[in-house]
Amino acid sequence: MRTRIARYPRHYLALGLVCFCAFAYLTGFTIQQMRLLANATNIAREPASFGIRLNRISGTSPELAAAGARFGDRLLEVEGRPFTGTMVLTEEVEKRRPGDSLRLTIQKPDSAPQPVTVRLAPVRSEPATLVSWTLTLIQKILFPYFCLALGAFVVWMRPTDTNAWILLGVMITFPLMTSDATWSGPGYPFAATWRTIGGMMAPVFLLMFGIFFPERLAFERRHGWMKWLLAGPIIILSAVASFQALARAYRMELGAGLAPYAGRIYLCQMMIGMACIGTYFFLLGLKSGKASSADARRRLRILWMGSGASLLPLFIAVLTALISDRDLFHGYPYWVILASLLALILFPLTYAYVIVVNRAMDVGVAIRQGAKYAMARGGLSILRALVLGLALLAVWNLARANPIRNADLVQAAGTVGVLLALRERFSGRISRWLDRRFFRDAYQAEQVLSDLAGQVREFVDIQPLITTVTERVSRILHVPRVAVLLRNEDAFSVAGGTVAVPGMPLAPSAVSIRRVAEKNQPATAYFDDPECWIHTAPPDEKSTLGALDARLLLPVAGREQMLGMMVLGPKLSEEPFTPTDVQLLQSVAAQTGLAIENNQLVARIAREAAQRERLNREIEIAREVQERLYPQNCPVVRGVEYAGHCRPAHSVGGDYYDFLPSSSNRFGIAIGDISGKGISAALLMACLQASLRGQAMAGTGNLATMLGNVNKLVYASSSANRYATFFYAEYDPESGALTYVNAGHNAPMLVRGGEVIRLDVGGPVIGLLPIAPYRQAVFQTQPGDVLVGFTDGISEAMNLQEEDWGEDRLLSCIHGCLAESPRGIIDRIMEGADAFAAGAPQHDDMTLIAIKFGVRA
């Protein structure tokens, strides 16, 4: 942040001043609006309004008409004070409450001044309705703040972009076009000036936006002075209008010279403003057919679609209200008004998107991504926020003397409740239907990429793996240039891809390598964007990435370090990679990394084993594989203590356990028993671990589905007589829920005091059947619960009389050591089994895991 500010100090100083003024106005306006909403029945309204005719009354309230005043009468005094400006009337009314009297001196045409007494009326005779609250909060308060924040964000991201500053002007002035009030008091001159000039300047900013977005109009480059034929008069007229507003408020005689022309000035301003807006739409339409690049055309299409989608609902509501002669905000159901107002959010979002993004998505892709987000977290978050707002409003409503009508609250709550129910019930179906019906190509691409992520682990050799991955990604996403760089000693060099690129190694300290490796996240590179990080790289690195035509860089990571980097060039359509594209490509790259690492691990062990005696080769290879497959760095989990131990019966064992973090911030727990012994069991164990960790990283969200995928992968990678009993669980530290699937393994024991719960829900063993059904179960843990998982080498430990130790003796031993730490529990169980065996040789591996829940830090 400091570097950015230091590079553009004047830009950010200007941004700060503009935002300060806009925020100051919005704060005062918000206070006034909330005061009117909450106390409208206790605040007196002004009995008369004044326009271009100075002190002549241009609008009379019923109470003023009842006192004898009429349109066109002159107001001379208010409570004995000379009426020099509207602020005199405002100050006197603010001192009073509804029902109080106000003495005025008026002069009718061709008559002497006469006193009248007005009994003041409230701003509203009834409390504000829910529709009024909704209209004010969304349109007049939240929407302007949202526009200001969005415009400031765009300028912050692109301080030297002319379009960004024009957008900030649009975001600030657009809400002012519908603002109908300022506040009184010392801040009135600033508020009146800001609102008057800002509201009149909105068409000018729209005109400038049409000229400069997405690229400067060619005609304007040659005749730049012509835009001032429209913009110049509005700037002058806005200054005149601001002077008139201040004169009308404080010193009416100062505006007497302009009074005869005030109507013409207003009409002129309206006509020029409409001309600016019309020219804006004309220029956007003109550029849509003559844009110089595909990206510019996509930006314009998104701008058209976003503007139409945001303004069309409200336009239809206004039009039908005019045709049917009904009140706009009280003649429609509440949900219609709410939906129309919420749709306005698309207007600033669309404008911000087309400026901030380096490359714009096509309209269809943008709609698809928006629909998926609305069906997922975004829509649910908005609905939850509405529920919370309605709940707070209901509580506050009960404490008021004159509450909002209960029918309004019931209708609003019912509307939001129905939306929540429909979202929970049908969001997944609707999302899939939309994908298949309207976005078939993108949907099929996602399916193919998902399948590819699962297939990469089946490759044994690295080169066919890289060739298959790059060619498949290139064909699916229409990306001609895809390359994979792998780490080779002290450099990352091209190991394969869809284009022949000479070896141009990148050092581990290269900017691109560090950027991808430090956060283990993708990075996008835009050579045509001067703000992009790529321009901080040295010339030789930029040359290498330029030869690769790098647009998207993805880490190919192993378990402990980054093994390489996948580099994708731009799509043929020049569209950006969507969030879904990036997510699926991350999964492919991650699975590729695991497959490469497993391959490198096996290859490295094989090279080492070749130097040893043939008699020890199988044992040494399997043991080294097994040692690397057990947990090396166990994650720290809040409120949980755990430990695991495996004692193989021979040098190479077939048991497996693991502790791993999942993609959803959960804690994964695994224990299994591989059939067979020796290197074949160790390799199957490596396949099982890679499949498990890959699926856990991909985050399917359903453990039954996840175990089904693991079963398919293990079945495809093993012979017909190989399988594994397996238990996998994920623990949520936030809720304490333990979700598990038991694939034919000895049911772990969860001990809660004197109660023992067996975790046996699941399905068949892993790898025996090509397709196997699994069920998951959820168990709510409590502080003090102890989970013990074991293989049959523990329960079937035999003594010299060939008697099994048995699960009853195991459970008794567990009850006797519950106060111990997880490591202590494991030690006590192993000691108990050894004592029972009394030195008898054991023919099966002995593996234990112990977890204590609810442990205080």
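Remark: the stretch 704-857 carries a charge dipole of roughly 580 debye about the Cα centre, counting +1 on each Lys and Arg Cβ and -1 on each Asp and Glu Cβ.
Take the Cα radius of gyration of the stretch 250-311 and divide it by 2.2 N^0.38 Å, N being the number of residues; the result is 1.85. Applying 0.36 nm per residue to the separation of ARG222 and GLN32 and subtracting their alpha-carbon distance, the gain on full extension is 63.6 nm. Length gained on full extension, ALA547 to THR705, computed as 0.36 nm times the residue gap minus the Cα-Cα distance: 52.7 nm. Placing a pseudo-label 7 Å from each Cα along the Cα-to-Cβ vector at HIS650 and VAL778 gives an inter-label distance of 4.5 nm. For the stretch 98-214, a Kirkwood radius taken over Cα pairs fed into Stokes-Einstein (37 °C, viscosity 0.692 mPa s) yields D = 184 µm²/s. Between GLN632 and VAL356, residue separation times 0.36 nm minus the direct Cα-Cα distance comes to 95.0 nm. Binning all Cα-Cα separations of the stretch 1-116 at 5 Å, short to long from zero, yields these whole-percent fractions: 2, 10, 15, 17, 12, 10, 8, 6, 5, 5, 4, 3, 2, 1, 0. Taking Cβ atoms as reference points and 15 Å as the exclusive limit, the residues near ARG221 contribute a net charge of +3, counting Lys and Arg as +1 and Asp and Glu as -1. A simple packing score, the average count of other Cβ atoms within 10 Å per residue, orders the peptides 627-637, 134-144 as 134-144, 627-637, with the highest score first.
Placing R0 at 25 angstrom, the Cβ-Cβ distance between SER509 and GLN600 gives a FRET efficiency of 0.65 after rounding to 0.05. Pairs of C-alpha atoms in the stretch 29-76 farther apart than 15 Å represent 54 percent of all such pairs.
The protection proxy used here, the mean number of other Cβ atoms lying within 10 Å of each residue, ranks peptides 584-596, 242-254, 751-763, 555-567 as follows, highest first: 584-596, 555-567, 242-254, 751-763. Apply the Kirkwood formula to the stretch 191-268: the hydrodynamic radius equals the inverse of the mean of 1/r over all pairs of different alpha-carbon atoms; give it in Å with one decimal. For the stretch 191-268, the Kirkwood estimate is 14.0 Å.
The base-10 log of I(q)/I(0) for the stretch 744-854, evaluated at q = 0.11, 0.23, 0.24 Å⁻¹, reads -0.40, -1.25, -1.31 [Debye formula, identical scatterers on Cα atoms, solvent excluded]. Of all aspartates and glutamates in the structure, the ones whose alpha carbon falls short of 18 Å from that of LYS290, not counting any fewer than 8 places away in one chain, are GLU215, GLU220, ASP362, GLU574. Distance between the modelled labels on LEU312 and ASP490, one decimal in nanometres: 6.2 nm (7 Å Cα→Cβ projection). Put a dot 7 Å past the Cα of GLN561, heading toward its Cβ, do the same for GLN107, and the two dots end up 9.4 nm apart. For LYS95 and TRP533, a Förster radius of 51 Å and the Cβ-Cβ distance give a FRET efficiency of 0.25, rounded to the nearest 0.05.
Coordinate-derived values only; no laboratory data. In this text the structure is predicted, and so the values were computed from the model without any measurement. Cβ atoms come from the backbone with ideal geometry, glycine included; neighbour counts cover every protein chain shown.
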